[in-house]
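**Q** Structure in structure tokens, see below.
Here, each number is a calculation from the coordinates, and none is a lab measurement. These numbers come from a predicted model, not from an experiment. Methodologically, a virtual Cβ is constructed for each residue, glycine included, from the backbone with ideal geometry; neighbour enumeration extends over all protein chains shown.
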Amino acid sequence: MGVLDQVLAVTPTHTTIKVVNDGIPLTGSVPPELLREYFRDLHGDDSGVVQSYASVRRRVLDQILVEAAAKAGAEVRTNFAVRELVRDGDRVVGIRGRTADGQTVEERARIVIGADGRNSFVARTLDLPKYDERPKCTFAYWSYFSGFDLGPAQLHRRGRLASAVVPTNFEQNMVLVWGPSEWSREFRRDVPGNFQRALDFVAPRSARRSAPRGPARSGSTARWTRPASSGRCTGPAGCSSATRSASRTSARPWA
């Protein structure tokens, strides 16, 4: 859609990344040819591949995309909730929904596109078949913190836990922790506490920078702990041996 320049104008970008694996640090970047090979294997297309990376917040990207769509001639309606699909026999011919002020609206079209994400209302309503399903092997929690700058993105792993710190919009850093799915229920018993304990265990320096310091506004966003998200492995064999137990340790910093 030609909005990359707008995204990069408000989002930090880097080409290098720091990886710390059980205390061993490595810093570097991915060669462009390797990136192109990856995209050819995964998508069958390597056009437009660049070496730099950026972590853009959805509310930033979505606004840029909405504005670009409107500029291209699309009619944009925000704060509109689709409640129902309108059908004619076995065809979907429109939608029925509600505006922000509670007004019910019905719209019909020759083609209805359900571009509503992995938890698609359209897919659920039509009971569409799933494909390329893979085992759930990780859980993840993340939040946004301000007041520090660690430079390019950092990935840390220790035992079966890992964390990432990536600069993003609004002079904030996305801080993420993840681990094996079988630890998820135990982690949820004290999400704020275990989030910090996991960081202390995996990446002490990042933990000191992102530790809550009183009210949320002093160091983190107001809703700093996001809901858990079950990750999916990308390898053809499902959960990799590295995810299952690279170091064969079962240590839980919150145990």
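**Q** Would you mind listing how long region 76-126 runs along its three principal axes, going by Cα atoms, in whole Å with the largest first?
**A** That works out to 31, 25, 17 Å along the principal axes.
**Q** Go ahead and run the numbers for FRET between residue 149 and residue 45, Cβ-Cβ distance against an R0 of 25 Å, rounding to 0.05. All intermediate terms of the calculation are to be shown ahead of the outcome.
**A** Numbers: r = 35 Å, r/R0 = 1.40.
After rounding to 0.05, the efficiency reads 0.10.
**Q** Give me 43, 156 ranked fewest to most by other Cβ atoms within 10 Å of their Cβ, as a rough exposure proxy.
**A** On the way: 43 10, 156 25.
Lowest to highest Cβ neighbour count: 43, 156.
**Q** Okay, moving on. When 56, 30 are ordered from fewest to most other Cβ atoms inside 10 Å of their Cβ, what list results? Mind showing how you got there, number by number?
**A** On the way: 56 17, 30 13.
Taking fewest neighbouring Cβ atoms as first place, the list is 30, 56.
**Q** Using C-alpha positions alone, give me the convex hull volume of region 141-197 per residue in cubic angstrom.
**A** Details: hull volume 4.8 nm³, N = 57.
Expressed per residue, the convex hull around the Cα atoms of region 141-197 is 84 Å³.
**Q** While we're on this one: Got a sec? How would 254, 142, 178 order by Cβ neighbour count within 10 Å, fewest to most?
**A** Numbers: 254 16, 142 19, 178 25.
Lowest to highest Cβ neighbour count: 254, 142, 178.
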